[in-house]
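K.L.:
Take a look at the following structure, please.
The values are calculated or read from the model by the stated rules, or taken from the named source; none is laboratory data. Values in this document were obtained by computation on a predicted structure and should not be read as measured data. Heads up, the Cβs are rebuilt from the backbone with ideal geometry, glycines too, and the neighbour counts pull from every protein chain shown.
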Number of protein chains: 2
Amino acid sequence: MEQIESPPFTSIAIVGLGLIGGSIALGIRERWSGCRVIGVDRRPVLAHALSSGAIDRAVDGLDGVGPVELIVLAAPVRQNVKLLAEAARHASDSTVITDVGGTKRDIVRAAAALPRPGSFVGGHPIGGGEKGGFGFARPDLFHARPWIFTPGAASSSAGLERLFRLVRGLGATPVTLDAEAHDRLMAFLSHLPQLTASALMQIAGSGAAADGLRLAGRGLIDTTRLASSPASVWRDVCAENADAIGEALDQLIQLLASVRADLKKGDAIDSLFDAAGRWRAELMKTQQ
Amino acid sequence: MEQIESPPFTSIAIVGLGLIGGSIALGIRERWSGCRVIGVDRRPVLAHALSSGAIDRAVDGLDGVGPVELIVLAAPVRQNVKLLAEAARHASDSTVITDVGGTKRDIVRAAAALPRPGSFVGGHPIGGGEKGGFGFARPDLFHARPWIFTPGAASSSAGLERLFRLVRGLGATPVTLDAEAHDRLMAFLSHLPQLTASALMQIAGSGAAADGLRLAGRGLIDTTRLASSPASVWRDVCAENADAIGEALDQLIQLLASVRADLKKGDAIDSLFDAAGRWRAELMKTQQ
């Protein structure tokens with residue numbers, strides 16, 4: 001452990017203290033006691049964050065932040081795009097700005113269009129948990145998880161290098177990806193599973209009714225864990241990444257329709273389970 | 001604990017020592033040392049079961065079992081239907097026969113059509129695990145889980161009562177259900193989630209490719225846990241319950257298609273997440 005290493009940023013404003021923003025604050029606090037953390041959110045959330053020691057100072061808008069070395073936008077995706085313009089107005093040339101949203105093309109494009117973007121690097125920590133909100137934030141949320149950055153025209157390599165140091169300090173593994181590739185990949189790895197889990201929960205629930213659900217096994221419970229995700233995060237992701245998600249949904253719908261047609265054909269069912277089992281084994285290999 | 005209670009059956013033959021059959025053997029062994037357990041399977045499995053102390057005697061066919069008080073059919077669904085006729089020929093009038101298959105209409109109908117069915121009661125323990133086979137069997141697999149029985153024309157109430165005592169001894173909660181209702185309910189609670197998880201894994205895997213999978217989050221990992229289930233179990237379930245599974249799949253495909261059409265409509269996404277979140281909360285209430 002490099003406990004005495006100096007922090008990559010000595011002052012950080014985090015806009016949005018939900019699960020991700022709150023966990024970044026707690027992680028920084030645990031790693032670098034010398035780093036000043038300013039939280040921006042609504043008052044009840046700020047009170048919670050202050051009392052739990054996650055932040056040093058609480059303000060209810062970017063106006064009140066003052067000069068900081070890093071601004072992290074951790075609101076829902078579309079709000080981040082609006083906050084970016086505001087953050088850039090408050091930033092000096094040396095301020096680094098990043099976000100933690102689940103789609104990247106929109107905000108990277110918005111940054112490139114700003115007259116004076118500071119150094120903006122889009123970011124996406126692959127962590128998350130069953131439930132959103134500061135109450136579920138924890139300093140080790142990103143531990144051993146990838147943290148994707150999507151550098152664009154507005155990014156500086158010095159800013160990217162400092163962000164790499166920051167997320168390594170939070171236990172994450174930084175990775176870079178083109179924003180377009182990020183959004184397509186996440187449509188398959190994150191957005192499709194989320195929508196599928198939600199749709200499955202709705203159909204299984206209404207098909208079984210509340211009384212029938214007591215006979216559900218662990219399979220349904222695991223497969224629908226994501227169904228408690230907050231809509232507030234996902235309505236923006238669906239809108240911003242509709243083209244890529246649509247492509248992934250089309251593929252899934254087509255496969256389910258062919259499975260439905262072949263339920264009595266043992267060979268077709270075998271093929272589905274063989275392919276799925278092979279991909280599942282590949283997935284688990286990446287987690288070792 | 002009622003450790004000294006006499007076993008509901010003093011001799012039990014278990015045909016098929018996979019995850020379920022093996023776990024029943026181990027559970028009985030732990031609960032009632034006085035109960036004789038005879039395993040029927042292929043030789044390598046029998047060797048493993050004997051050496052681990054799960055069974056007292058190993059035979060490679062029902063022919064060799066001799067008189068027992070209970071026969072448990074724990075092979076894949078369609079094999080159980082064939083084994084039932086054989087088991088009934090070997091059974092005396094007092095022998096109880098049950099199975100552990102995931103569909104119930106087929107075997108309950110087959111039992112009613114037998115000239116001398118003994119007392120057959122269809123059964124379905126709601127347990128299971130990520131991987132099949134005796135190697136993953138464990139005595140507490142059924143602990144605090146429902147175990148559904150579907151009594152039919154061939155069932156005796158005395159047989160059902162003894163089966164209730166048996167599965168309570170394994171830690172399960174016995175429940176009775178009509179075979180038709182069971183199959184429809186399981187189409188929504190078990191078969192649909194299984195096929196959805198397998199299809200999702202195939203699409204996510206081929207969309208992301210092996211290299212992209214390293215950027216998957218916990219969401220995909222949990223949602224596709226079932227994708228490693230063995231095809232051998234599921235090809236029979238799909239064939240035997242095709243009508244009910246088809247209905248469930250149609251509903252899911254229709255919902256996914258409407259989500260796909262409404263990706264940019266925030267209200268539609270909100271509705272999906274609201275409904276799914278409510279059903280998920282109902283589901284978790286049943287697990288407390």
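K.L.:
Can you give me the number of residues within region B:186-210 that are more than 7 Å from chain A (Cβ to nearest Cβ) and either among the basic types (Lys, Arg) or crowded, with 24+ Cβ neighbours inside 10 Å (or both)?
P.N.:
The total comes to 3.
K.L.:
Another question about this same structure. If we scan region B:12-28, do we find a residue that is free of Cβ contacts under 8 Å to residues at least 40 places away in the same chain and over 21 Å from residue B:164 (Cα atoms)? Lay out the reasoning, then the answer.
P.N.:
Applying the first criterion (free of Cβ contacts under 8 Å to residues at least 40 places away in the same chain) to region B:12-28 yields none.
No, region B:12-28 contains no residue that is free of Cβ contacts under 8 Å to residues at least 40 places away in the same chain and over 21 Å from residue B:164 (Cα atoms).
K.L.:
Within region B:51-59, does at least one residue satisfy the condition of being under 21 Å from the mean Cα position of the chain (by Cα), at negative phi, buried (at least 21 other Cβ atoms within 10 Å of the Cβ) and in contact (Cβ under 8 Å) with a residue 24 or more places away in the chain? Break it down into steps so the answer makes sense when it comes.
P.N.:
Residues of region B:51-59 under 21 Å from the mean Cα position of the chain (by Cα): B:54-55.
Those left that are additionally at negative phi: B:54-55.
With the extra rule that they be buried (at least 21 other Cβ atoms within 10 Å of the Cβ), the set shrinks to B:54-55.
The next check asks that each one be in contact (Cβ under 8 Å) with a residue 24 or more places away in the chain; those that pass are B:54-55.
Yes, that holds for at least one residue.
K.L.:
May I ask you to list the residues in region A:165-176 that are in contact with a helix residue (DSSP H, G or I) (Cβ under 7 Å, 6 or more places away or on another chain) and not in a helix (DSSP H, G or I)?
P.N.:
Applying the first criterion (in contact with a helix residue (DSSP H, G or I) (Cβ under 7 Å, 6 or more places away or on another chain)) to region A:165-176 yields A:169-170, A:174.
Scanning region A:165-176 gives A:170, A:174.
K.L.:
Give region B:211-224 a look and list any residue that's closer than 21 Å to residue B:249 by Cα and crowded, with 23+ Cβ neighbours inside 10 Å, or say none.
P.N.:
If the condition is that a residue be closer than 21 Å to residue B:249 by Cα and crowded, with 23+ Cβ neighbours inside 10 Å, then B:220, B:223, B:224 are the ones that fit.
K.L.:
While we're on this one: Name the single residue that is nearest to the chain's Cα centre (by Cα) among those in region B:29-50 being of a type in the set (Lys, Arg) and exposed (fewer than 14 other Cβ atoms within 10 Å of the Cβ).
P.N.:
Let us first name the residues in region B:29-50 that are of a type in the set (Lys, Arg), namely B:29, B:31, B:36, B:42-43.
When the remaining residues are screened for being exposed (fewer than 14 other Cβ atoms within 10 Å of the Cβ), the result is B:42-43.
On the way: B:42: 20, B:43: 23 Å.
In this case the residue turns out to be B:42.
K.L.:
Further, regarding this structure: Identify, please: which residue in region A:157-176 is out of contact with any Phe, Trp or Tyr (no Cβ under 9 Å at 6 or more places or on another chain) and among the small types (Gly, Ala, Ser) and is, among those, nearest to residue A:110 (Cα to Cα)?
P.N.:
A:157
K.L.:
Moving to a separate point now. Please go through region A:227-241 and give me each residue that is closer than 12 Å to residue B:219 by Cβ and at pLDDT 95 or above, ordered by number.
P.N.:
A:227
K.L.:
Among (1) over 14 Å from the mean Cα position of the chain (by Cα); (2) under 13 Å from residue A:121 (Cβ atoms), where does residue A:93 come up short?
P.N.:
With (1) over 14 Å from the mean Cα position of the chain (by Cα); (2) under 13 Å from residue A:121 (Cβ atoms) applied to residue A:93, the lone miss is (2).
K.L.:
Among the residues of region A:157-166, is any surrounded by 24 or more Cβ atoms within 10 Å (Cβ to Cβ), in contact with a Gly (Cβ under 6 Å, 6 or more places away or on another chain), touching a residue at least 24 places away in the same chain (Cβ under 8 Å) and within 24 Å of residue A:36 (Cβ to Cβ)?
P.N.:
The answer is no, given that none of the residues of region A:157-166 is surrounded by 24 or more Cβ atoms within 10 Å (Cβ to Cβ), in contact with a Gly (Cβ under 6 Å, 6 or more places away or on another chain), touching a residue at least 24 places away in the same chain (Cβ under 8 Å) and within 24 Å of residue A:36 (Cβ to Cβ).
K.L.:
Moving on. Between residues in region A:244-271 that are facing another protein chain (nearest Cβ under 7 Å) and residues that are aromatic (Phe, Trp, Tyr) and part of a helix (DSSP H, G or I), which pairs lie under 7 Å by C-beta distance while being six or more apart or on different chains?
P.N.:
Short answer, once both residue conditions are applied: A:248/A:188; A:269/B:234.
K.L.:
If you don't mind, another one. Within region A:121-137, is even one residue among the small types (Gly, Ala, Ser), part of a strand (DSSP E or B) and assigned by TED's automatic domain parsing to the domain that holds residue A:168? Can you show your working first?
P.N.:
First, the residues of region A:121-137 that are among the small types (Gly, Ala, Ser): A:122-123, A:127-129, A:132-133, A:135, A:137.
Cutting the leftovers down to part of a strand (DSSP E or B) gives us A:122-123.
When the remaining residues are screened for being assigned by TED's automatic domain parsing to the domain that holds residue A:168, the result is A:122-123.
The answer is yes; a qualifying residue exists.
K.L.:
Check off (1) at the interface with chain B (Cβ under 8 Å from one of its Cβ atoms); (2) in contact with a Pro (Cβ under 6 Å, 6 or more places away or on another chain); (3) touching a residue at least 40 places away in the same chain (Cβ under 8 Å) for residue A:175 and give me the number that stays unchecked.
P.N.:
So residue A:175 meets the others, but not (3).
K.L.:
Here is a follow-up. Can you say whether residue A:45 is outside any helix (DSSP H, G or I) and either closer than 21 Å to residue A:101 by Cα or touching a residue at least 60 places away in the same chain (Cβ under 8 Å) (or both), as far as the supplied structure shows?
P.N.:
Details: outside any helix (DSSP H, G or I): no; either closer than 21 Å to residue A:101 by Cα or touching a residue at least 60 places away in the same chain (Cβ under 8 Å) (or both): yes.
For residue A:45, the condition - outside any helix (DSSP H, G or I) and either closer than 21 Å to residue A:101 by Cα or touching a residue at least 60 places away in the same chain (Cβ under 8 Å) (or both) - is not met.
K.L.:
Select, from A:152, A:159, the only residue that is in a loop (DSSP other than H, G, I, E, B) and either more than 18 Å from the chain's Cα centre (by Cα) or within 14 Å of chain B (Cβ to nearest Cβ) (or both). Give the derivation first.
P.N.:
Values: A:159 fails: in a loop (DSSP other than H, G, I, E, B).
Unique residue meeting the criteria: A:152.
K.L.:
Can residue B:135 be described as modelled with pLDDT of 90 or more, surrounded by fewer than 19 Cβ atoms within 10 Å (Cβ to Cβ), more than 26 Å from residue A:277 (Cα to Cα) and small (Gly, Ala, Ser)? Walk me through it before giving the result.
P.N.:
Details: modelled with pLDDT of 90 or more: yes; surrounded by fewer than 19 Cβ atoms within 10 Å (Cβ to Cβ): yes; more than 26 Å from residue A:277 (Cα to Cα): no; small (Gly, Ala, Ser): yes.
So residue B:135 fails the test.
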